[in-house]
């Protein structure tokens with residue numbers, strides 16, 4: 001459920017007409033609904049009745065206003081870079097609710113995490129462990145760690161967002177992970193506290209989650225037999241949403257399946273939802289510039305692949321709705337942007353509302369991996385982010401200017 005709905009044939013975000021926001025901030029822009037963000041976070045978090053921490057996957061939507069909203073609801077953060085740690089702290093996320101994932105943590109990022117007092121590092125390789133031990137020793141502190149184990153489970157999702165197969169770069173093969181846990185247990189500046197496992201994103205079935213958890217549960221039993229106690233079990237995120245015809249499980253069904261598999265485990269559960277909370281809570285609003293016919297009909301809009309990369313990167317589908325519904329019907333077109341690339345499209349051969357120059361379109365379900373993946377390609381300033389709360393909207397990120405594009409550049 002989301003709070004983007006039509007009233008008298010006009011699209012509203014909560015109680016604010018989208019057209020009014022466009023008139024004041026210009027297009028394109030990202031638009032988020034506070035009511036939807038609150039509802040989705042609570043629906044996910046409250047579905048889990050066992051001890052747990054919901055650490056929002058910052059990479060999905062990293063604006064500090066949104067991170068702060070989740071922190072106010074008791075949420076933490078799953079981060080994958082020093083920049084995301086900086087954002088989470090600025091958003092007043094409790095550092096004891098921050099977990100640091102990612103295969104390529106630098107020494108400076110490790111220092112930042114240790115200095116900040118985060119809950120734990122999800123270590124993803126033996127060399128990373130040795131580096132973290134050295135950094136912690138230099139700082140005379142103990143580094144809390146879990147190891148991300150790779151269970152070799154097919155998440156049945158897009159190949160680019162699959163992370164739990166043996167062929168993926170993430171984690172340590174679960175078959176050989178006992179040795180690295182044993183080595184870490186002997187290190188003076190490493191505190192082994194958890195096991196982590198994340199198999200991918202946009203999963204629409206519960207079975208891969210269950211299969212991976214079953215493997216991890218057996219592994220935790222082996223750790224306990226070796227005298228290594230596990231306090232935290234991080235099962236990642238990945239629950240999917242509906243973009244088109246998908247039928248993902250509800251958080252309650254997912255939570256029930258996890259609860260059943262958690263029997264006998266004395267661990268605090270770490271959850272890392274991202275897309276399932278913010279995906280349908282945001283849209284990208286764009287304006288039609290021109291239409292033209294060649295071998296097919298093209299609708300040219302002012303948002304491009306630099307603003308929303310998912311269609312070009314994953315051939316992903318996003319529903320496209322009119323901001324003002326003229327009820328003139330639909331037609332099959334390519335919706336394309338101004339970028340100098342054939343791969344610059346928001347929709348290909350997709351049925352969308354018949355529109356003309358000046359019309360506003362809403363690219364639905366753009367809240368996850370929308371703005372966070374945007375770029376300045378073709379020297380295009382990044383768009384603003386707007387947050388609606390009831391009958392009021394806030395600019396939570398200003399539109400970049402041309403001067404912003406060259407900030408930090410010099411001519412020698």
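Only one of these is buried (at least 19 other Cβ atoms within 10 Å of the Cβ) and modelled with pLDDT under 95: 230, 277, 220, 283. Name it.
Working: 230 fails: modelled with pLDDT under 95; 277 fails: modelled with pLDDT under 95; 283 fails: modelled with pLDDT under 95.
One residue alone meets the criteria, 220.
Among the residues of region 194-211, which ones are under 21 Å from residue 100 (Cβ atoms) and not in a loop (DSSP other than H, G, I, E, B)? Write out each step before concluding.
Filtering region 194-211 for residues under 21 Å from residue 100 (Cβ atoms) gives 194-201.
Result: 194, 195, 196, 200.
Out of everything in region 338-358 that is in contact with a strand residue (DSSP E or B) (Cβ under 6 Å, 6 or more places away or on another chain) and closer than 14 Å to residue 321 by Cα, what residue ends up being surrounded by the most Cβ atoms within 10 Å (Cβ to Cβ)?
346
Taking region 65-77, which residues are part of a helix (DSSP H, G or I), closer than 20 Å to residue 275 by Cβ and either more than 14 Å from the chain's Cα centre (by Cα) or in the same structural domain as residue 238 (by TED's automatic domain parsing) (or both)? Spell out the reasoning first.
Within region 65-77, the first condition is being part of a helix (DSSP H, G or I), and the residues that meet it are 65-72.
Now restrict to residues that are closer than 20 Å to residue 275 by Cβ: 65-71.
Once the filter is applied, which keeps residues that are part of a helix (DSSP H, G or I), closer than 20 Å to residue 275 by Cβ and either more than 14 Å from the chain's Cα centre (by Cα) or in the same structural domain as residue 238 (by TED's automatic domain parsing) (or both), region 65-77 yields 65, 68, 69, 71.
May I ask you to verify whether residue 264 is within 26 Å of residue 144 (Cα to Cα) and surrounded by 18 or more Cβ atoms within 10 Å (Cβ to Cβ)? Steps first, answer last, please.
Values: within 26 Å of residue 144 (Cα to Cα): yes; surrounded by 18 or more Cβ atoms within 10 Å (Cβ to Cβ): no.
No.
Within region 228-245, is there a residue that is assigned by TED's automatic domain parsing to the domain that holds residue 211, in contact with a strand residue (DSSP E or B) (Cβ under 9 Å, 6 or more places away or on another chain) and at positive phi?
Restricting attention to region 228-245, the residues satisfying the condition of being assigned by TED's automatic domain parsing to the domain that holds residue 211 are 228-245.
Next, from what is left, pick out any that are in contact with a strand residue (DSSP E or B) (Cβ under 9 Å, 6 or more places away or on another chain): 228-240.
Going one step further and asking which of them are at positive phi, we end up with 236, 238.
Yes, there is a match, as at least one residue in region 228-245 is assigned by TED's automatic domain parsing to the domain that holds residue 211, in contact with a strand residue (DSSP E or B) (Cβ under 9 Å, 6 or more places away or on another chain) and at positive phi.
Determine which member of the set 93, 135, 80 is on the phi < 0 side of the Ramachandran plot, over 14 Å from the mean Cα position of the chain (by Cα) and not assigned by TED's automatic domain parsing to the domain that holds residue 176.
Answer to the check: 93.
From the list 259, 215, 292, which residue is surrounded by fewer than 20 Cβ atoms within 10 Å (Cβ to Cβ), part of a helix (DSSP H, G or I) and either assigned by TED's automatic domain parsing to the domain that holds residue 369 or in contact with a helix residue (DSSP H, G or I) (Cβ under 7 Å, 6 or more places away or on another chain) (or both)?
Working: 259 fails: either assigned by TED's automatic domain parsing to the domain that holds residue 369 or in contact with a helix residue (DSSP H, G or I) (Cβ under 7 Å, 6 or more places away or on another chain) (or both); 292 fails: part of a helix (DSSP H, G or I).
Only one candidate passes the filter, namely 215.
Inspect region 177-193 for any residue being assigned to a strand (DSSP E or B) and under 30 Å from residue 43 (Cα atoms) and give the result as yes or no.
Narrowing region 177-193 to residues assigned to a strand (DSSP E or B): 190-193.
Narrowing the set further to residues that are under 30 Å from residue 43 (Cα atoms) leaves 193.
Within region 177-193, one or more residues are assigned to a strand (DSSP E or B) and under 30 Å from residue 43 (Cα atoms).
Spot the failing condition for residue 80; the list is (1) without any contact (Cβ under 8 Å) to a residue 60 or more places away in the chain; (2) touching a strand residue (DSSP E or B) at 6+ places or on another chain (Cβ under 7 Å); (3) within 14 Å of residue 274 (Cα to Cα), and only one is missed.
Against the list (1) without any contact (Cβ under 8 Å) to a residue 60 or more places away in the chain; (2) touching a strand residue (DSSP E or B) at 6+ places or on another chain (Cβ under 7 Å); (3) within 14 Å of residue 274 (Cα to Cα), residue 80 comes up short only on (2).
For region 1-11, what are the residues that are in contact with a strand residue (DSSP E or B) (Cβ under 7 Å, 6 or more places away or on another chain) and closer than 20 Å to residue 277 by Cα?
Of everything in region 1-11, those that are in contact with a strand residue (DSSP E or B) (Cβ under 7 Å, 6 or more places away or on another chain) and closer than 20 Å to residue 277 by Cα turn out to be 2, 3, 4, 5.
Could you give every pair whose Cβ atoms fall below 7 Å, whose first residue belongs to region 392-406 and is within 25 Å of residue 20 (Cα to Cα) and in the same structural domain as residue 20 (by TED's automatic domain parsing), and whose second residue is assigned to a helix (DSSP H, G or I) and at pLDDT 95 or above, counting only separations of at least 6 or pairs across chains?
So the pair list comes out as 393/21; 395/25; 396/65.
The values are calculated or read from the model by the stated rules, or taken from the named source; none is laboratory data. No experiment lies behind these values; they were computed from the predicted model shown. Virtual Cβ from ideal backbone geometry, glycine too; neighbours counted across all protein chains shown.
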